[in-house]
1. Taking region 41-58 as the region of interest, how many residues are part of a loop (DSSP other than H, G, I, E, B), within 18 Å of Asp31 (Cα to Cα) and of a type outside the set (D, E, K, R)?
2. Output the residues belonging to region 69-94 that are of a type in the set (D, E, K, R), touching a strand residue (DSSP E or B) at 6+ places or on another chain (Cβ under 9 Å) and not in a helix (DSSP H, G or I).
3. Provide a single number: the residues in region 25-83 that are without any contact (Cβ under 8 Å) to a residue 40 or more places away in the chain, among the basic types (Lys, Arg) and touching a Pro at 6+ places or on another chain (Cβ under 9 Å).
4. Residues to consider are Val44, Val14; find the one that is among the hydrophobic types (A, V, I, L, M, F, W, C) and modelled with pLDDT of 95 or more.
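The values are calculated or read from the model by the stated rules, or taken from the named source; none is laboratory data. Here the structure is a predicted model, which is why all the values come from computation and not from measurement. Every residue, glycine among them, receives a Cβ derived from its backbone with ideal geometry; neighbour counts consider all protein chains shown.
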Amino acid sequence: MQENNKMQENDEIVYGKEPLGPRVVRVVPNDDYTLTLTFTNGEVKSYDMNPLLDKGIFRELQNIGYFRCARVNGGTVEWPNEQDICPDVLYMDSKPVSRSSASEDISN
């Protein structure tokens, strides 16, 4: 039987004896270059990618079609050409989203 290695809400990553911060379990890329993120602790937050879009490897994300290819891998967000962001940065620098706003993002 194959084991499911996907992270789920309430999963905790442990490095040594101390758990790391919450990790991403769901991402919704939005047309305004923000990411709606759901973390392992159940929080839903919004991360603004706009400040990164003119920097180095992130320039490719200016293409909205490519930006929409964001996916969760290993508790963080990545794109097909291996751009990614530290999950601690995603958590610390994102802003809380109200549950009703998160529901609207999911239904769109």
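1. 2
2. Matches in region 69-94: Arg71, Glu78, Asp84.
3. 1
4. Val44
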